[in-house]
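Structure record follows, encoded as structure tokens.
The values are calculated or read from the model by the stated rules, or taken from the named source; none is laboratory data. This structure is a prediction, so every number in the text was calculated from the model and none was measured. Note that we place each Cβ from the backbone using ideal geometry, even for glycine, and neighbour counts take in every protein chain shown.
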Amino acid sequence: MTGKNKAKARAAAAGLLVLILAIIGLLVVPQARAKLDHLAFDSLQNLWPRPYIPVPVRIIDIDEDSLARLGQWPWPRHQLAALIERLRAAGAAAIALDIILAEPDRTAPARVSQSWPLPAAAKAAIAALPDPDALLAETLAGGWVITGFAANQPAPGQQEPDTDGAAKARFVFSGPSPLAGLPDIGHAVRSLPALEQAAAGNGAVAFSADGDGIIRRVPLVVRLGQHLHPSLALEALRVATGKRNILVKTAETGALTQLAIGPLHIPVDAQGAVHLHYTDPRPQRFVPAWKVLDGSANLADIAGHVVFVGASAKGLLDLRLTPAGDIVPGVLMHAEAAEAAQLGALLQRPDWMEGAETLLAVIAGLTLIIAAAWMAPLAGTIAALSVVAALAAVTALLFLGLNMLADPLPAIAAALVAHGATALIRHRQDQAERSFIRGAFARYISPNLVRHLLDNPHSLAVGGERRECSFVMTDLAGFTTLVESADPATLLDVLNGYIDGMVKIAFAHQGTLDRIVGDAVAVMFSAPVAQPDHAARAIACALDMDRFSQDYVARMQAAGHPLGLTRIGVNTGLVTIGNVGGGSISDYRALGDAVNAAARLETVNRHLGTRICVAAATVSQCPDFHGRPVGELVLKGKSQATLAFEPLPDDSDCAAYQAAYELMAAGEPAATAAFAALAGSDPLAAFHLHRLQAGQTGIRVVLAEK
């Protein structure tokens with residue numbers, strides 16, 4: 001395995017560890033898992049609420065107007081009896097009271113008159129008046145009415161008798177008993193025994209709000225002691241269908257799976273609860289109680305309906321929170337459950353779903369770990385987004401097509417955490433690799449070329465572009481003699497010191513090292529990164545190289561190493577730059593006549609007696625150039641002349657030379673004497689004096705040798 005693949009494998013291993021920890025966290029911290037579930041299920045409900053389809057379910061609402069018209073709660077029992085009679089007369093299939101009538105009627109004549117100072121005859125007459133509770137019980141006995149009871153934890157020392165109470169439903173079990181797996185709701189707060197006995201059914205009004213107070217699930221059966229009881233909604237459906245039995249289906253473990261009443265089959269979870277799929281608010285579900293009592297309500301629509309009687313008035317404190325953030329009366333939950341059960345629209349979350357989601361988290365996590373470790377960052381990000389989108393899409397399809405609740409968030413969270421950890425490690429590895437490459441290759445090629453290749457890896461492709469660049473070519477005189485006379489260790493020591501100094505100067509001016517051939521160094525400017533001042537950089541680099549070379553050669557000569565001075569040629573022109581090579585090797589090079597001309601200018605220094613020779617093409621781009629003209633040089637193999645200059649330090653005086661040069665350019669005979677006066681200390685002046693003495697005139701110099 002290559003080093004690159006080993007690094008990827010290490011990043012993947014770290015991502016796998018993070019994935020394992022994330023999944024363990026989801027398994028051992030149920031609160032975190034529950035929050036993710038709630039977020040997912042609420043989002044699905046809010047995006048796609050259950051379409052409202054009219055079914056025979058209505059709510060008789062004890063609303064604010066009803067309290068204002070009929071008086072404060074609780075109403076007299078005869079008023080409730082009248083309400084029930086009207087609903088029964090309208091043909092209601094079941095009348096479920098989401099009301100706990102646990103106390104005797106406070107308006108009963110016998111109770112009201114107890115503290116009155118009445119004669120015995122008056123008290124006897126009052127006692128003989130009809131009892132409101134008995135009147136209501138008689139009304140309930142007329143059939144189709146379901147009373148409710150609520151769960152309440154018993155006070156210390158209080159024991160709930162192990163009894164079926166006034167249960168009217170009979171449970172028939174298909175499979176092991178589910179009681180052991182159901183939580184005991186504790187103490188039941190019931191309606192008066194006479195009322196429960198008279199009713200056609202009794203159901204629990206217990207709700208199980210989650211930690212955020214939202215009602216997402218409604219239990220259809222509850223455990224009280226060693227007995228099973230139906231909820232108010234389930235009991236209302238049983239009474240409406242005229243059945244006595246409720247079939248309870250359980251798995252081999254005893255976990256509840258389904259409830260059935262005649263042809264009605266209702267899937268439930270292991271706790272006997274169903275997940276509600278709320279509709280948008282529907283006012284047509286509600287009929288104000290006062291309209292039923294005063295006869296203004298159209299009760300023709302009540303026939304054959306399951307009717308729930310409950311309160312939306314705020315003062316009665318039966319308000320609940322839905323996933324959409326709506327505050328609704330608790331009776332709506334019973335109605336929603338009864339509607340969805342008849343439509344087969346209850347949301348399902350099979351027991352195996354959580355295990356499937358965990359397995360999905362593993363698969364998604366491994367996929368994104370591989371993507372982060374082995375793909376480019378952009379491709380890895382696209383893969384991560386694709387996995388998230390796929391999980392969300394599958395979740396939506398299950399919800400819309402099968403009414404099935406699946407939570408993609410554990411898989412998404414675990415996978416993204418693992419992906420992020422892997423990607424972070426790969427990023428750090430890449431940064432370390434880039435730093436290593438930058439440090440390692442900067443010893444072989446130019447730092448600016450390294451940066452360019454790291455920032456633009458596509459530029460490694462073989463190809464090129466046309467660009468104006470400047471070039472500095474150098475050659476060390478006397479190196480051949482040193483090669484022949486020095487031992488290998490000394491030779492390399494001298495050469496390495498020289499090359500190191502020259503390359504450092506090139507890099508200091510942000511030049512790109514084109515190549516090193518023996519003692520010769522070639523530097524280019526404005527490639528690969530464009531440099532508007534490339535000509536000035538090239539001249540400044542040449543001057544610094546010249547100063548370094550003079551100092552270094554002096555030190556080497558003092559040490560007994562016969563080195564000459566460095567000759568330098570500088571030129572500017574259009575070239576083709578880019579990678580040259582094939583499938584096995586490539587080299588970043590500049591190709592063109594400007595490169596060759598710079599090399600020729602370097603060689604002519606030995607004829608001119610100069611150390612640096614710069615083409616006019618370079619000088620023309622440097623308004624601050626300080627130097628003197630050499631002449632129009634016709635280089636060997638060329639037909640066109642190249643005007644060349646010798647750059648000089650800023651403090652040098654070249655006025656005398658310039659005057660002599662202008663005389664020579666004008667063809668004046670006085671040029672010979674002018675150069676003769678300078679030739680003793682100026683090699684370039686001596687070169688021109690020799691030309692003039694040989695009968696040549698003007699500034700054009702034809703070079704027969706390189």
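What's the total number of residues in the stretch 550-570 that are in a strand (DSSP E or B) and either surrounded by fewer than 18 Cβ atoms within 10 Å (Cβ to Cβ) or of a type outside the set (Lys, Arg) (or both)?
Of the residues in the stretch 550-570, the ones in a strand (DSSP E or B) are 566-570.
Next, only the ones that are either surrounded by fewer than 18 Cβ atoms within 10 Å (Cβ to Cβ) or of a type outside the set (Lys, Arg) (or both) stay: 566, 568-570.
Final tally of qualifying residues: 4.
Given the criteria in a loop (DSSP other than H, G, I, E, B) and in contact with a strand residue (DSSP E or B) (Cβ under 9 Å, 6 or more places away or on another chain), does residue 528 qualify? Can you show your working first?
On the way: in a loop (DSSP other than H, G, I, E, B): yes; in contact with a strand residue (DSSP E or B) (Cβ under 9 Å, 6 or more places away or on another chain): yes.
It is true that residue 528 is in a loop (DSSP other than H, G, I, E, B) and in contact with a strand residue (DSSP E or B) (Cβ under 9 Å, 6 or more places away or on another chain).
Kindly provide the set of residues from the stretch 179-195 that are under 49 Å from the mean Cα position of the chain (by Cα) and part of a loop (DSSP other than H, G, I, E, B), ordered by number.
182, 183, 185, 186
Residue check: is residue 332 assigned to a helix (DSSP H, G or I) and without any contact (Cβ under 8 Å) to a residue 40 or more places away in the chain?
On the way: assigned to a helix (DSSP H, G or I): yes; without any contact (Cβ under 8 Å) to a residue 40 or more places away in the chain: no.
So residue 332 does not fit the description; no.
For the stretch 314-352, enumerate the residues that are over 14 Å from residue 45 (Cβ atoms), touching an Asp or Glu at 6+ places or on another chain (Cβ under 8 Å) and surrounded by 14 or more Cβ atoms within 10 Å (Cβ to Cβ).
Result: 318, 329, 330, 331, 334.
Among 396, 432, 414, 392, which is the only one that is of a type in the set (Gly, Ala, Ser), surrounded by 19 or more Cβ atoms within 10 Å (Cβ to Cβ), at pLDDT 65 or above and in a helix (DSSP H, G or I)?
414
Quick test for you: out of 161, 183, 130, pick the one residue that is of a type outside the set (Ser, Thr, Tyr), farther than 25 Å from residue 77 by Cα and modelled with pLDDT under 80.
Numbers: 183 fails: modelled with pLDDT under 80; 130 fails: farther than 25 Å from residue 77 by Cα.
The match here is 161.
Among the residues of the stretch 44-57, are any over 30 Å from residue 316 (Cα atoms) and surrounded by 15 or more Cβ atoms within 10 Å (Cβ to Cβ)?
Keep residues of the stretch 44-57 that are over 30 Å from residue 316 (Cα atoms), which gives 44, 47-48.
This time we only want the ones that are surrounded by 15 or more Cβ atoms within 10 Å (Cβ to Cβ), so: 44.
Scanning the stretch 44-57 turns up at least one residue that is over 30 Å from residue 316 (Cα atoms) and surrounded by 15 or more Cβ atoms within 10 Å (Cβ to Cβ).
Any chance the stretch 476-486 includes a residue that's over 48 Å from the mean Cα position of the chain (by Cα) and either more than 28 Å from residue 603 (Cα to Cα) or modelled with pLDDT of 85 or more (or both)?
Yes: one or more hits.
Among the residues of the stretch 211-221, is there at least one that is more than 25 Å from residue 39 (Cα to Cα) and acidic (Asp, Glu)?
no
Residues that are assigned by TED's automatic domain parsing to the domain that holds residue 185 and closer than 16 Å to residue 94 by Cα: find the strands (runs of 3 or more DSSP E) completely inside the stretch 199-309 holding 3 or more of those.
Hits in the stretch 199-309: 201-204.
Under the condition of being in a helix (DSSP H, G or I) and of a type in the set (Ser, Thr, Tyr), which residue from the stretch 476-525 is surrounded by the most Cβ atoms within 10 Å (Cβ to Cβ)?
The qualifying residue surrounded by the most Cβ atoms within 10 Å (Cβ to Cβ) is 498.
Given the conditions (1) surrounded by 18 or more Cβ atoms within 10 Å (Cβ to Cβ); (2) of a type in the set (Lys, Arg); (3) over 20 Å from residue 183 (Cα atoms), report the number of the one that residue 243 does not fulfil.
Among (1) surrounded by 18 or more Cβ atoms within 10 Å (Cβ to Cβ); (2) of a type in the set (Lys, Arg); (3) over 20 Å from residue 183 (Cα atoms), residue 243 violates only (1).
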